[in-house]
Amino acid sequence: MQVLIVGGGGREHAIAWKCAQSSRVDRVFVAPGNAGTALEPKLENIDIPAGDIGALADFAARRDVALTIVGPEAPLVAGIVDRFNASGLACFGPTRAAARLEGSKAYTKEFLRRHRIPTARFATFTAQNFDPDFIRGERLPVVVKADGLAAGKGVMICETHEAAIETARRMLGGSFGAAGSTVVIEEFLHGEEVSFIVVVAGDQAVPLATSQDHKRRDDGDQGPNTGGMGAYSPAPLVTPELDARIRREVIEPTLRGLRLEGTPYTGFLYAGLMIAPDGTPNVLEFNCRLGDPETQPILMRLKSDLVALCEAALDGALDGVRLSWDPRAALGVVMAAGGYPESYRTGDAISGLDVAARLPGKVFHAGTQASGSQIVTAGGRVLCAVGLGDDVAAAQRQAYDLVRVIHWSSAQYRRDIGNRAIARSRAITREKE
Ligand code: AMP
């Protein structure tokens, strides 16, 4: 069979690489892909942007694609699944209506409130009804969020009331385009963040392995928020008890609520959670797709057939599905272009990829592109080097062994990915002794 992966980042490289391992798959098209997907066995890049839904549907029909998996949120929120389904094409992801869970934070907060799912207290405003006195009455810091998709940049944590008012005014004034025409003002939550990702078919959900990512750019969780600078799986914070709470208090009521409201969900559902000191799993956000870079370490550990899993979900047959995981830990370190997430340079030649390819672990590409015989940088997040090991510390060593042999001028990466998990594991070991 032939499979199509929509997108061109590190997440899509990992999804395509994993699909190619299925014995039933002859070829995996990646639209548009990157320099890494171009080099993989069974993979073929297709020069169609992820946003050109009509051209993607035409391609899938013409080339007999049996399954399409959508990586990024934008085509899902724009309705790629509805368009494929209208042509009788199998496309794994939520419909446009169900993808609103990521497409509109105001909708999602109201949904969470309606279904009594734990989340931060909030209020929403438009330019017409914005009330600065509401913000002045909130405890600091205050979180201000643009309602719509803003490529991970639409969330500001403001330390003063005046900064929060100014941020909300700027968003409402158009600094985020239509995404900011509604703002959500939210209570700041304390705790530890985890990602909980499930494969969903209506009310049925199969959890993927747990993971945790690092959103801040610099060591010690400093610097600006990014799309993610590294991730590891499993997340030692998610004990079996917490796993059960997340399913009972977040996943199950969410899926039930979506069905009851006439927007049943199919696809990957990613819950970004802040675990409060008392263990309450507060929802920070939902994403209607896999996370990047969490996908890279998670799929390194998945032993089951990803294509069969997506097909089972599309058939509504997830009950009884058990996924098989490599018991080892996986850890991914993102290498980014200097200056990311603000302005950064592209076109720098990358060296050492051939050396890395002979080492254990795996380098997934994101913002890369072939230029003659060289591979050059072509985006903010350039690569994700993933190591495996008996514990997070061993996976971390393997990942950084890959990072150390890869070079380009102005490369930047965090040196502490996984350190918190390693400290936690050591503390647990000490407790047991
Ligand atoms: P979001 O896109 O809503 O997940 O927000 C991006 C990041 O901002 C999250 O991963 C958190 O680190 C942080 N954040 C968002 N909302 C809150 C909140 N209410 N309290 C504390 N941190 C938050």
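The values are calculated or read from the model by the stated rules, or taken from the named source; none is laboratory data. Predicted model only: the values in this text are computed from it and were never measured. Note that each Cβ is placed from the backbone with ideal geometry, even for glycine, and that neighbours are counted across all protein chains shown. Note: areas computed on protein heavy atoms with side chains; ligands, DNA, RNA excluded. Shrake-Rupley method; radii C 1.70, N 1.55, O 1.52, S 1.80 Å.
Across all Cα pairs in the stretch 136-235, the calculated P(r) in 5 Å bins from zero up to the longest distance comes to 2, 12, 16, 18, 18, 17, 10, 6, 2 percent per bin.
For the chain, the fraction of 1.4 Å probe accessible surface lying on carbon and sulfur atoms is 49 percent.
Once the Cβ-Cβ distance between Gln374 and Glu252 is put in as r, and R0 is 51 Å, what FRET efficiency do you end up with, to the nearest 0.05?
Between Gln374 and Glu252 the formula returns 0.55.
Expressed in Å, the radius of gyration and Dmax of the Cα atoms of the stretch 349-433 are 15.5, 57. One Cα centroid belongs to the stretch 1-77, the other to the stretch 171-229; the line between them spans 25 Å.
The fraction of all Cα pairs in the stretch 262-345 landing in successive 5 Å bins from 0 to the largest distance is 3, 10, 13, 17, 20, 18, 10, 6, 3, 1, given as whole percents.
Here, the stretch 50-199 has an Rg and a Dmax of 18.4, 58 Å when only alpha carbons are counted. Local charge for Gly379 was computed over the other residues whose Cβ lies under 14 Å away, with Lys and Arg +1 and Asp and Glu -1, and equals -1.
For the stretch 220-263, the residue among Ile246, Gly223, Leu260 whose Cα projects farthest onto the positive side of the dipole built from Cβ charges is Leu260. Looking at the chain, how many pairs of lysines come closer than 16 Å at the Cα, when each pair is eight or more places apart or spans two chains? So the count of such lysine pairs works out to 9. Amide H to amide H distances under 5 Å link Leu284 with Gly272, Leu273, Met274, where only residues 5 or more positions off or on other chains count and H is placed in the peptide plane.
Placing unit charges on each Cβ (+1 for Lys and Arg, -1 for Asp and Glu) gives the chain a dipole about its Cα centre, and among Ser371, Ala209, Val65 the Cα reaching farthest toward its positive end belongs to Ala209.
In the chain, taking the dipole from charged Cβ atoms about the Cα centre, the farthest positive-side position among Pro49, Ala276, Ala150 is held by Ala276. From its DSSP helices (H runs of at least four residues, each -39,500 (n - 2.57)), the chain gives a residue-normalised ellipticity at 222 nm of -8500 deg cm²/dmol.
Stokes-Einstein, applied to the Kirkwood radius of the stretch 375-416 over Cα pairs at a viscosity of 1.567 mPa s and 4 °C, places its translational diffusion at 114 µm² s⁻¹. Its Cα gyration tensor gives the stretch 280-426 an equivalent ellipsoid, and the semi-axes of that ellipsoid, as √(5λ) in whole Å with the largest first, are 29, 19, 17.
Annotation: amide H of Ala99 has no partner in the under-5 Å range at sequence separation 5 or more or interchain, hydrogens built in the peptide plane. In this structure, the amide hydrogen of Val30, modeled 1.01 Å from its nitrogen in the peptide plane, lies closer than 5 angstrom to those of Ile5, Glu44, Asn45, Ile46, counting only residues at least 5 positions away or on a different chain. Over the stretch 194-298, the Kirkwood radius and the radius of gyration, each from Cα atoms, give a ratio Rg/Rh of 0.98.
Residue ranges 179-187, 267-275 sort as 267-275, 179-187 when ordered by packing (mean number of other C-beta atoms within 10 Å per residue, highest first). Placing Lys153, Lys215 in order of accessible area, with the largest value first and a 1.4 Å probe, yields Lys153, Lys215. For the chain, the fraction of C-alpha pairs more than 39 angstrom apart is 16%. Placing a pseudo-label 7 Å from each Cα along the Cα-to-Cβ vector at Phe130 and Glu166 gives an inter-label distance of 1.4 nm.
If you look at the Cα atoms of the stretch 1-138, you get an Rg and a Dmax of 19.2, 61 Å.
Given Cβ point charges of +1 (Lys, Arg) and -1 (Asp, Glu) and nothing else, what value in debye, to the nearest 20, does the dipole of the stretch 1-140 about its Cα centre take?
So the dipole magnitude of the stretch 1-140 works out to roughly 620 debye.
Between Ala86 and Asp401, the simple spin-label model (points 7 angstrom out along Cα→Cβ) gives 5.2 nm.
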